[in-house]
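*Asks:* One structure, as structure tokens, below. Some questions next.
The values are calculated or read from the model by the stated rules, or taken from the named source; none is laboratory data. None of these values were measured; they are calculated from a predicted model. Cβ placement follows ideal geometry from the backbone for every residue including glycine, while neighbour counts extend to all protein chains displayed.
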Ligand SMILES: NC(=O)c1ccc[n+]([C@@H]2O[C@H](COP(=O)([O-])OP(=O)(O)OC[C@H]3O[C@@H](n4cnc5c(N)ncnc54)[C@H](O)[C@@H]3O)[C@@H](O)[C@H]2O)c1
């Protein structure tokens with residue numbers, strides 16, 4: 001059985017493709033390589049092209065009529081870039097997804113698993129968010145995810161479009177078999193910055209130590225990307241049972257590990273798996289920073305029969321090892 005994965009050459013999409021393969025599914029990748037890596041598509045069915053190219057989408061389904069559902073990862077994803085270039089984000093993430101959704105509906109393949117984001121949640125008092133917690137998307141990027149969720153709900157009513165909306169928290173690490181992983185040269189997220197500081201013998205800056213968290217630093221829900229990928233395999237398996245009646249066409253599910261880790265806790269976890277501890281400097285928080293959030297993951301467990309298996313330490317170790325493998329691949 002085949003599963004179409006848009007954005008399947010990207011960090012998360014490529015990991016999902018490997019997890020699908022390991023579980024007996026055949027991924028079919030549609031990616032325009034605006035960000036992703038061709039290396040991640042080697043040996044897989046790969047269509048290089050755009051989700052907005054409806055003729056190509058039609059050809060993919062004509063050539064792969066046994067596709068059972070689509071996982072929609074393709075998007076532009078960099079928050080500061082979205083502030084600088086909102087037109088591109090609304091065009092790539094919303095306008096093209098609109099065309100793409102309508103096309104797969106018209107072709108008779110109205111089943112979708114959508115990569116949404118925890119960045120659409122508002123701040124919550126005790127930092128735990130549920131699927132029905134208040135929303136407050138604070139960047140053009142986050143607003144594209146929020147708006148697509150609304151579009152999906154309207155399409156569910158009008159066109160019988162069936163969707164599982166997965167709101168990811170903070171994926172880290174790499175495929176345990178190192179087939180793919182993070183590929184951004186200058187990562188802006190916490191673990192990427194720790195690895196950069198470690199490799200270059202630089203000072204690691206904790207930005208913000210006065211939040212009202214247990215140790216004053218920001219808190220996030222980090223999830224091993226392989227656990228995240230396996231949640232998609234479960235979503236593919238269970239989408240028909242979850243959306244099993246005509247009036248139930250979509251479901252929103254948070255995908256995180258259900259426990260927040262503060263920056264200091266991440267730092268301790270990082271230092272416990274490397275040979276020399278990071279040198280740390282504490283600084284002010286940056287404009288726009290928030291204290292953070294983590295999920296209650298009961299719904300994911302109940303609906304997807306899924307829970308995380310990997311520890312934060314294992315995720316960090318895999319990220320460090322992948323970084324070495326990846327750099328060696330680039331140098332070759
Ligand atoms: N990485 C995270 O921390 C995170 C967190 C929450 C949600 N998400 C969501 O997960 C999804 C995957 O994220 P990622 O980290 O793998 O990003 P990524 O940039 O590595 O992957 C996105 C992929 O989509 C492709 N793409 C972009 N626009 C396209 C288009 N118009 N047509 C075809 N392909 C296109 C890119 O080439 C890239 O390969 C995104 O939808 C993102 O919003 C990511």
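*Asks:* Consider the stretch 181-215. How many of its residues are part of a loop (DSSP other than H, G, I, E, B), under 23 Å from residue 291 (Cα atoms) and either in contact (Cβ under 8 Å) with a residue 12 or more places away in the chain or in contact with a helix residue (DSSP H, G or I) (Cβ under 6 Å, 6 or more places away or on another chain) (or both)?
*Replies:* 11
*Asks:* Name every residue in the stretch 150-162 that is in contact with a helix residue (DSSP H, G or I) (Cβ under 9 Å, 6 or more places away or on another chain), assigned to a helix (DSSP H, G or I) and surrounded by fewer than 20 Cβ atoms within 10 Å (Cβ to Cβ), in order of residue number.
*Replies:* Answer for the stretch 150-162, where residues must be in contact with a helix residue (DSSP H, G or I) (Cβ under 9 Å, 6 or more places away or on another chain), assigned to a helix (DSSP H, G or I) and surrounded by fewer than 20 Cβ atoms within 10 Å (Cβ to Cβ): 151, 159.
*Asks:* Might you check whether a residue that is surrounded by 15 or more Cβ atoms within 10 Å (Cβ to Cβ) and part of a helix (DSSP H, G or I) occurs anywhere in the stretch 241-263?
*Replies:* Yes - at least one qualifying residue is present in the stretch 241-263.
*Asks:* Could we say that residue 14 is more than 8 Å from the ligand (Cβ to nearest atom), buried (at least 16 other Cβ atoms within 10 Å of the Cβ), under 20 Å from the mean Cα position of the chain (by Cα) and in a helix (DSSP H, G or I) here?
*Replies:* Taking the combined requirement at face value, the residue does not satisfy it.
*Asks:* In the stretch 276-285, is there at least one residue being within 19 Å of residue 225 (Cα to Cα), in contact with a helix residue (DSSP H, G or I) (Cβ under 9 Å, 6 or more places away or on another chain) and not assigned by TED's automatic domain parsing to the domain that holds residue 139?
*Replies:* Among the residues of the stretch 276-285, not one is within 19 Å of residue 225 (Cα to Cα), in contact with a helix residue (DSSP H, G or I) (Cβ under 9 Å, 6 or more places away or on another chain) and not assigned by TED's automatic domain parsing to the domain that holds residue 139, which makes the answer no.
*Asks:* Next up: Residues of the stretch 21-37 being within 15 Å of the ligand (Cβ to nearest atom) and touching a strand residue (DSSP E or B) at 6+ places or on another chain (Cβ under 8 Å), which ones?
*Replies:* 27, 28, 29, 30, 31, 32, 33
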